[in-house]
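Read through the structure below, which is laid out as structure tokens, and then see the notes.
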Amino acid sequence: MFNVRLSDFKPYLRWVIFGATLFFLAQTLKTHWRDVADLRLQPQGWLLLSVAFSVTLVAHIWSGWVWGWILRDFNQPVSMLWATRVFLKTNVAKYLPGNIWHFYGRIRASSQAGLSVIAATASVVLEPLLMAAAALPVALLWVPGDRAVLQGAALAAVLVGIHPRWLNPILDRVGRTKLKGQSLGEASFRIRRYPFFPLMGELGFVALRGLGFLIAWQSIDSWSIEQLPLLFGVFSLAWLLGLVVPGAPGGIGVFEATAVALLDSEFPTGTVLAAVALYRLISVLSEVGGAGLGWLMEKFDG
């Protein structure tokens, strides 16, 4: 009588998740707004924020370089500077509704450059998978108690999961779904070697993003070496959830809500709210700055 599919609910699920996270953040801010308003930057706060911005910008530049590695793993003869420029120019599009337009921009630019559309599609599918794989073991730093077993298990799962034997069927299925109706070659979606260097590159990206967050936090409040695993682990988990949860363009809302929920018991709520808000601003500004840098690189190449 009724033909209801899960896919019918996906557009509404995204809005429900987005609305719920924003409601949580609004309620938390309403309760602790005075604590946030009373916070002031540390004596070297502006300098620290400038450093956090620079580190985050470098993270995005590095991520574009890693995307070039991924394209080369799909036998695409790309210039690393070209890949970085395209990545930076398209990155801000992830904040548009749908959270796919940065991928579309990279595929379109690849097609205009004469690259394989299939390989470009596979590269934008593989990139977030490697990002998530790199962030997962780091995210377990926040887990209390003995983390070695959990981190070892997560790392082993990641290393096995991205082996071409298991990764290629996923890339093949997703790529064919995105390019349905086109004539496709069997081998085109397949990565031919273990993506070790792209994985290490994405690990470096996560580390740089986490460092930017820690420096931004330091601009309003100090943290100790003992608190470093907690802060870095929670950042990685919050960023990972912002990457994979639907309905959050650029991870907006999900990242902030996760960080607040996990750090609220260890730090003053006002400090946590101010830190995540500052870092969101820095992150967006660095992506806008990266897009401007990509535009300048294009003009210089022209």
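The values are calculated or read from the model by the stated rules, or taken from the named source; none is laboratory data. Fair warning: this is a prediction, and the values are worked out from it, not measured in the lab. FYI the Cβ positions are ideal-geometry reconstructions off the backbone, even for glycines, and counts take in every protein chain you see.
Quick notes on this one:
- The set of residues in the stretch 104-146 being under 30 Å from P229 (Cα atoms), among the small types (G, A, S) and either assigned to a helix (DSSP H, G or I) or touching a residue at least 12 places away in the same chain (Cβ under 8 Å) (or both) consists of A132, A133, A134, A135, A139.
- The residues listed here are S116, S54; of these, the one that is hydroxyl-bearing (S, T, Y), surrounded by fewer than 20 Cβ atoms within 10 Å (Cβ to Cβ) and over 23 Å from G292 (Cα atoms) is S116.
- Selection status of A259, under 14 Å from the mean Cα position of the chain (by Cα) and surrounded by 20 or more Cβ atoms within 10 Å (Cβ to Cβ): no
- Applying a threshold of 6 Å to beta carbon distances and a minimum spacing of six or more residues, or different chains, the list of pairs starting in the stretch 211-236 at a residue that is in contact (Cβ under 8 Å) with a residue 40 or more places away in the chain and under 16 Å from E266 (Cβ atoms) and ending at one that is part of a helix (DSSP H, G or I) and of a type in the set (S, T, N, Q) reads D221/T271.
- Among the residues listed as G253, G242, G290, the single one being free of Cβ contacts under 8 Å to residues at least 24 places away in the same chain, in contact with a helix residue (DSSP H, G or I) (Cβ under 8 Å, 6 or more places away or on another chain) and either crowded, with 21+ Cβ neighbours inside 10 Å or acidic (D, E) (or both): G242
- Scope the stretch 75-102; condition outside any helix (DSSP H, G or I), under 16 Å from A120 (Cα atoms) and within 21 Å of the chain's Cα centre (by Cα); matching residues: I100
- Considering each residue of the stretch 283-301 in turn, at least one proves to be closer than 19 Å to L57 by Cα, out of contact with any His (no Cβ under 8 Å at 6 or more places or on another chain) and among the β-branched types (V, I, T).
- Checked against the criterion of being aliphatic (A, V, I, L, M) and at pLDDT below 90, the candidates A59, A26, A52, A83 yield just one match: A26.
- Looking only at the stretch 177-231, and only at residues there that are aliphatic (A, V, I, L, M) and in a loop (DSSP other than H, G, I, E, B), the one that is modelled with the lowest pLDDT: L184
- Verdict on R72 being farther than 18 Å from E287 by Cα, among the basic types (K, R) and not in a loop (DSSP other than H, G, I, E, B): yes
- Restricting the stretch 88-144 to residues that are closer than 25 Å to L211 by Cβ and basic (K, R) leaves a set whose member that is modelled with the highest pLDDT is K89.
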